[in-house]
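What follows is a single structure, written as structure tokens, with notes after it.
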Amino acid sequence: MPGYTLPLLLLALLTACGTQPKTEEKPARNTAVAPPVTPQTKDSVARTATPATHEQAEQAIQREPSQGSVEARPMQFRCISEEDFQQEIAIGNIMVDTLQQRFLISAEWHKPTLLYYRSPSCPNGWIETRLELVGEWLWNSAVTLDTVRLAPTGPPAVLLKFSSETSLHHWSISNEGINIIDVSAEPVLLLKAGTASHEGGYTGDDETDSTDTQREEHSFEVVQSQSIKVRNQLIVVEPAVEDGQYALHSVPPGTYRYRHGKMIRIRK
């Protein structure tokens with residue numbers, strides 16, 4: 001996602017929090033980021049045990065196991081006042097990637113992907129929380145955002161799909177995955193999982209393995225997948241197709257319902 005100077009019009013849209021169409025940007029370039037603004041207001045004070053800076057969030061994600069899970073679990077977050085929020089956008093600390101209604105995604109090369117949203121828990125500003133991407137080679141992930149209804153009433157949950165692709169000489173890998181987050185108040189992670197992984201390459205030598213047959217003998221391909229969809233307010237998880245030597249970071253198959261702050265498996 002390339003860095004850019006934010007127009008005054010976008011700031012006005014963020015302040016009004018009007019409806020905006022979904023957009024998707026490419027991963028950001030590796031650009032220098034100015035130090036984050038020190039919060040000065042009550043609404044922008046970071047909560048206990050919450051990363052106060054993007055650098056601390058990056059350190060936290062490196063310490064966490066990259067495993068899939070289906071469990072309602074509170075996420076780390078902080079509140080940012082509207083004034084500080086717009087100031088951080090203006091100086092480049094928050095890089096706008098996707099803007100949809102009251103949600104905003106900020107992602108940079110080699111930085112955590114952050115979700116910002118309006119919430120009654122921070123009435124005078126925005127909540128910032130870090131997505132929990134699952135898998136390997138995800139520092140240049142592209143993220144798309146959608147909303148899904150998991151209850152008859154109340155605000156919808158957020159479904160975020162991420163994808164990444166990396167290639168080197170003779171080798172390439174692509175990954176996909178999702179987060180589902182309850183954003184009705186303070187953020188609650190409901191599900192995180194890898195949904196697809198494709199790894200392929202060639203282990204031979206270009207000079208000695210020059211024929212197509214020789215190259216085919218030294219090639220390899222690993223394809224893994226797991227379908228996860230939301231239907232009729234339920235999360236439907238299909239069995240995963242996995243390779244025993246590689247980790248897709250899938251979750252147990254079944255049909256799940258989210259009620260009263262808990263994820264309940266109603267069918268296997």
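Quick note: the coordinates plus some simple rules give every number you see, no bench work behind them. Treat the numbers as computed from the prediction; the structure is a model and nothing was measured. Note that each Cβ is placed from the backbone with ideal geometry, even for glycine, and that neighbours are counted across all protein chains shown.
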Label-point separation, ILE91 to GLN67 (7 Å along Cα→Cβ), nm: 3.9 nm
FRET efficiency estimate (nearest 0.05) - Cβ-Cβ, ARG267 to THR153, R0 30 angstrom: 0.80
Computed lengthening from HIS260 to GLU238, 0.36 nm per intervening residue step minus Cα-Cα distance: 5.5 nm
The range 91-133, dipole about Cα centre (Lys/Arg Cβ +1, Asp/Glu Cβ -1), debye to the nearest 20: 120 debye
